[in-house]
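This report refers to the structure that appears directly beneath it.
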Amino acid sequence: MPPESLELFGERGEPARPDPRAPLAERMRPQELSEVVGQDRLLRPGAALRALVDAGELPSMILWGPPGSGKTTLARLLARGHRFVALSAVMAGVKEIRAAVEEARRVRGRTVLFLDEIHRLNRAQQDALLPHVEAGTVTLIGATTENPSFEVIAPLLSRSRVFVLERLDEEALASLLRRATQDPERGLAPGAPPVPEIIAAIAHAADGDARRALGLLETAVAIQRETGPAGAPLSETAVREAAGRAVLMHDRDREEHYNVVSALIKSLRASDPDAALYYAARMLAAGEDPLFLARRLVIFAAEDVGNAEPQALPLATSAFLAVERIGMPEGRIPLAQAVTFLACAPKSNASYVGISRANELVERHGSLPVPMHLRNAPTGLMKHLGYGKGYEYPHDAPDRFVARTNLPETLAGASLYQPTREGAEAGIADRLADWRKRREPPKG
């Protein structure tokens with residue numbers, strides 16, 4: 001049996017009469033491109049995707065965007081006038097893909113194969129799809145919430161256009177919600193229209209997801225009908241009960257995870273404690289492992305604060321140990337202390353840059369001989385060979401400094417650690433400058 005087309009649109013992508021029993025999010029799916037909200041960057045006149053639509057062209061493409069941004073709806077609208085076959089990669093495998101391709105060979109006209117959550121297809125399944133896309137047997141529209149650079153094989157990606165859908169902002173969601181309360185055929189039953197503040201609250205709780213926004217509105221209206229006076233406008237209490245606790249978009253091993261972590265680290269580096277606290281709280285609220293956050297703070301303390309504030313690393317390490325021992329939710333308090341301390345501390349990455357320079361020298365020069373005066377001499381033979389000869393014990397020297405160079409001869413005079421003038425590192429810079437001047441090898 002060939003795969004069935006999605007029900008809201010007919011086999012050739014034409015709008016079907018909405019089922020009044022369907023969820024509000026299904027009934028309110030845009031049936032024209034003009035109804036799509038929040039994607040002006042793709043659909044405004046002259047934009048890349050709009051230009052293809054206006055020219056009547058439909059190449060294979062990947063629609064990449066967050067949940068509820070309109071990927072499925074846009075695919076249906078783009079495929080209008082063509083045979084439209086929809087599969088979900090959660091359920092479909094090579095067998096279902098081959099059945100769709102065989103059916104496409106038997107029918108006249110173009111077949112658009114829509115693969116929702118295409119990132120869930122493994123490499124073998126994507127390989128099976130590739131030759132049919134390449135030959136034009138089917139036009140592929142894949143939808144994914146994950147970065148296609150990581151999740152879609154390169155040959156398939158090279159034969160497709162990638163269009164990035166934006167997360168819907170609250171203004172776009174509010175527009176969609178207002179339409180749902182006013183549409184007499186597909187929207188909610190007639191009633192008192194919600195006040196703008198209620199619409200704004202639902203849009204905020206939806207966290208960028210149109211499907212969630214419409215679902216919250218429908219649930220809140222149902223709660224209001226059961227608990228509130230007849231004909232009363234939608235109440236804040238009903239909305240709060242419908243929303244419960246907002247679910248933030250975050251994951252533990254995918255792109256959004258790395259986006260939020262990156263934002264945290266860059267906010268710390270920019271000495272912005274407010275932004276850093278926000279991203280830390282967002283990670284924790286979304287279920288991130290608090291020890292992962294603590295580890296990142298320890299790394300930041302050494303890499304980005306360094307010797308400009310020597311207490312940064314001990315404090316970050318203490319925060320890690322505190323979270324490990326007391327757990328959550330109290331662990332958020334030492335984490336917040338570490339975040340604010342690190343954000344407000346003077347910054348220096350001189351130690352990090354120094355070890356990177358040292359690694360480059362090791363790669364370039366290999367295992368250079370250690371100077372004889374630094375070598376250990378545990379045996380008589382080694383002493384006879386000169387191991388340890390000429391070593392001066394710094395604690396016995398005037399001002400505890402010995403001017404002899406300790407780098408291998410080939411690297412004499414190399415300056416790997418370049419302290420900044422930030423915080424406590426300024427004092428280190430002064431001392432080191434004096435020592436290096438005194439340690440300079442004799443000219444010639």
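A few notes on this one:
- In the set LEU342, LEU313, only one residue is closer than 20 Å to ASP289 by Cβ and either modelled with pLDDT of 95 or more or crowded, with 23+ Cβ neighbours inside 10 Å (or both); that residue is LEU342.
- Number of the condition not met by ARG21 [criteria: (1) of a type outside the set (A, V, I, L, M, F, W, C); (2) modelled with pLDDT of 90 or more; (3) over 22 Å from SER175 (Cα atoms)]: (2)
- Residues in the stretch 321-339 that are surrounded by fewer than 23 Cβ atoms within 10 Å (Cβ to Cβ), in a helix (DSSP H, G or I) and of a type outside the set (Lys, Arg): LEU321, ALA322, GLU324, ILE326, ILE333, PRO334, ALA336, GLN337.
- Of all residues making up the stretch 131-148, the number that are open to solvent by less than 30 Å² (accessible area, probe 1.4 Å) and over 28 Å from the mean Cα position of the chain (by Cα): 3
- Criterion: under 18 Å from LEU52 (Cβ atoms), open to solvent by less than 60 Å² (accessible area, probe 1.4 Å) and at pLDDT 90 or above - qualifying residue of LEU177, LEU165: LEU165
- Residues of the stretch 37-81 that are β-branched (Val, Ile, Thr) and part of a helix (DSSP H, G or I): VAL53, THR72, THR73.
- GLY109 fulfils the conditions (1) among the small types (Gly, Ala, Ser); (2) under 23 Å from GLU166 (Cβ atoms); (3) in contact with a His (Cβ under 8 Å, 6 or more places away or on another chain) except for a single criterion, (2).
- When PRO408, PRO394 are checked against the criterion of being within 27 Å of GLY306 (Cβ to Cβ), in contact with a Phe, Trp or Tyr (Cβ under 8 Å, 6 or more places away or on another chain) and not aromatic (Phe, Trp, Tyr), PRO394 stands alone in meeting it.
- Each residue in the stretch 356-375 was checked for being out of contact with any helix residue (DSSP H, G or I) (no Cβ under 9 Å at 6 or more places or on another chain) and either touching a residue at least 12 places away in the same chain (Cβ under 8 Å) or among the charged types (D, E, K, R) (or both), and 9 of them qualify.
- Failed criterion for ALA86 (all others in (1) farther than 23 Å from PRO67 by Cα; (2) among the small types (Gly, Ala, Ser); (3) in a strand (DSSP E or B) hold): (1)
- GLY427 vs. criteria part of a loop (DSSP other than H, G, I, E, B), closer than 28 Å to ASN307 by Cβ and modelled with pLDDT of 90 or more: no
- Candidate set from the stretch 102-125 (those that are under 18 Å from PRO67 (Cα atoms) and assigned to a helix (DSSP H, G or I)); member that is least open to solvent (accessible area, probe 1.4 Å): ILE118
The values are calculated or read from the model by the stated rules, or taken from the named source; none is laboratory data. This one's a predicted model, so the numbers in the text were calculated from it and none came from an experiment. Because the Cβ atoms are built from the backbone with ideal geometry, glycine has one as well, and the counts that use them run over all protein chains shown. The protein model used for the area step is the full one, side chains on, heavy atoms only, and it has no ligands, DNA or RNA in it. Shrake-Rupley method; radii C 1.70, N 1.55, O 1.52, S 1.80 Å.
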